[in-house]
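Structure first, then comments.
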Amino acid sequence: SPVNLIVIMNESLSDMRVIRDFQTNQEYFPFIKSLEENTIKGDLYVQVFGGGTSNTEYEVLTGNSMAFLPYVISAYQAYCKPEEYGMASTLKAQGYTTVAMHPNISGNWNRKNVYQYMGFDEFISSGGFRDSELLRNYVSDLGDYQRLIERYEEKDPGEKLFVFNVTMQNHGGYEEESPDFREEIKAEGDLAGYEQADRYLSLMKKSDEAFQYLVEYFEQVEEPTMIVMFGDHQAAVETEFYETLYGKSMKELTAEEADKQYVTPLIIWTNYETEAQPVDKISANYLGAKILDLANLKLTAYDRMLLENWESIPVLGKNGYYLTDGTYTAWGKNAEKPDLMRAYQRMEYNYVADRKNRVDSLFTITP
């Protein structure tokens, strides 16, 4: 198992080539594309587009799917209460120091309270990033990772560390130019000339460079370290850019086509030898359990249920779900739900809504 487990939810990190391939003047993810050794890559399916970051975060950290919950702007504000089980409590029970990081205001999305409910030992928010490099007035990914490395260097040798880090660099506001940001990437062909998309793709290049910096640092570290990075959602750039990408109006998309707007990259890298096994498709609600499993850590009964569901129903998407054989079913009043999915839905209801009768043993590991 890794001594250091670093999970990065990267603001608006996505690769819109999942909709269809297109050309740019240069590759914007050269480092991520080059990563092969001790690396797992996949498509992460999320429930939000262009915003609503904390719902992706909620799914990853708790294992609960937004697909089963009534629509709310933010699960963090609507559903989180003390003793919120999930990745943080499971890792804490296995001796990890649990640290949340986010270079912005701690009150955003109620994080200040939620992280305490979840069992994070500390939360480094905007005040902890005072000297960090800025890009477009947000802490850059590079500045963020430098602070993360600083926090790593403060720990005792051998101390087990779990860091959950939510970045800020790629946040919306793509319509504005910034004097401090040199834009390098331009889409070509029928996608040329969309200013917001080009600005966004140029930010992706900066994220790629910063991730390279982080990985190269931990390549030199002796302690076994796992780094997971994924995007919380795709970016709300010009609608026309997406319509050109799809080759049709957004109103004409099938549920399955529309779900391509809800896919972000997932990269899992270790500085120790691991088998490169592709995680072809996975939705965010399964990711926490999958990370714990890949890290050879102890799982709760809820985690094991999540992994069993993932094996059969790898994606609970925004507009529908996938089975392992690639079959896609759109959500709807008459959508047939597999038995496993129904059992999951019942357990989630017990976790979220029926706390008085919650079966705590499902969500905790026995020491």
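The values are calculated or read from the model by the stated rules, or taken from the named source; none is laboratory data. Bear in mind the structure is a predicted one, so any value in this text is a computation, not a measurement. So basically every Cβ, Gly included, is an ideal-geometry build from the backbone, and we count neighbours across all protein chains shown. Surface accessibility is based on the protein's heavy atoms, side chains included, excluding ligands, DNA and RNA. Shrake-Rupley method; radii C 1.70, N 1.55, O 1.52, S 1.80 Å.
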(message) Regarding region 304-324, can at least one residue be identified that is open to solvent by 40 Å² or more (accessible area, probe 1.4 Å), in contact with a Phe, Trp or Tyr (Cβ under 6 Å, 6 or more places away or on another chain) and of a type in the set (S, T, N, Q)?
(response) no
(message) Being within 17 Å of the chain's Cα centre (by Cα) and charged (D, E, K, R) is the filter here; which residues of region 24-47 pass it?
(response) LYS41, ASP43
(message) Go through (1) β-branched (Val, Ile, Thr); (2) at pLDDT below 95; (3) within 20 Å of the chain's Cα centre (by Cα) for ILE313 and report which single condition fails.
(response) (2)
(message) Just to check your reading of the model, which residue among ALA295, ALA353 is touching a strand residue (DSSP E or B) at 6+ places or on another chain (Cβ under 6 Å), farther than 30 Å from GLU257 by Cβ and either open to solvent by less than 40 Å² (accessible area, probe 1.4 Å) or small (Gly, Ala, Ser) (or both)?
(response) ALA295
(message) Testing MET16 on (1) touching a strand residue (DSSP E or B) at 6+ places or on another chain (Cβ under 7 Å); (2) open to solvent by less than 20 Å² (accessible area, probe 1.4 Å), one condition comes back false. Which one is that?
(response) (1)
(request) Just name the residue that is modelled with the highest pLDDT out of those in region 89-109 that are under 18 Å from the mean Cα position of the chain (by Cα) and surrounded by fewer than 22 Cβ atoms within 10 Å (Cβ to Cβ). (result) ASN104
(request) Return the residue satisfying two criteria in turn: it lies in region 114-143 and is of a type in the set (S, T, N, Q) and over 24 Å from ILE291 (Cβ atoms), and of such residues it is surrounded by the most Cβ atoms within 10 Å (Cβ to Cβ). (result) SER140
(message) Could you tell me how many of the residues in region 32-69 are open to solvent by 30 Å² or more (accessible area, probe 1.4 Å) and of a type in the set (Asp, Glu)?
(response) 3
(request) Looking only at region 277-288, decide whether some residue is surrounded by 14 or more Cβ atoms within 10 Å (Cβ to Cβ), out of contact with any strand residue (DSSP E or B) (no Cβ under 9 Å at 6 or more places or on another chain) and touching a residue at least 24 places away in the same chain (Cβ under 8 Å). (result) no
(request) Out of the residues in region 164-186 that are crowded, with 23+ Cβ neighbours inside 10 Å and hydrophobic (A, V, I, L, M, F, W, C), state the one that is nearest to ALA93 (Cα to Cα). (result) PHE164
(message) Suppose the filter is among the β-branched types (Val, Ile, Thr), touching a residue at least 60 places away in the same chain (Cβ under 8 Å) and over 30 Å from TYR152 (Cβ atoms); does VAL228 pass it?
(response) no
(request) Select the helices (runs of 4 or more DSSP H) contained entirely in region 57-158, then report the ones holding at least 1 residues which are within 30 Å of GLU223 (Cβ to Cβ). (result) 87-92, 111-118, 141-153
(message) Take the residues in region 62-83 that are among the small types (Gly, Ala, Ser) and in contact with a helix residue (DSSP H, G or I) (Cβ under 8 Å, 6 or more places away or on another chain); name whichever of them is farthest from LEU340 (Cα to Cα).
(response) SER74
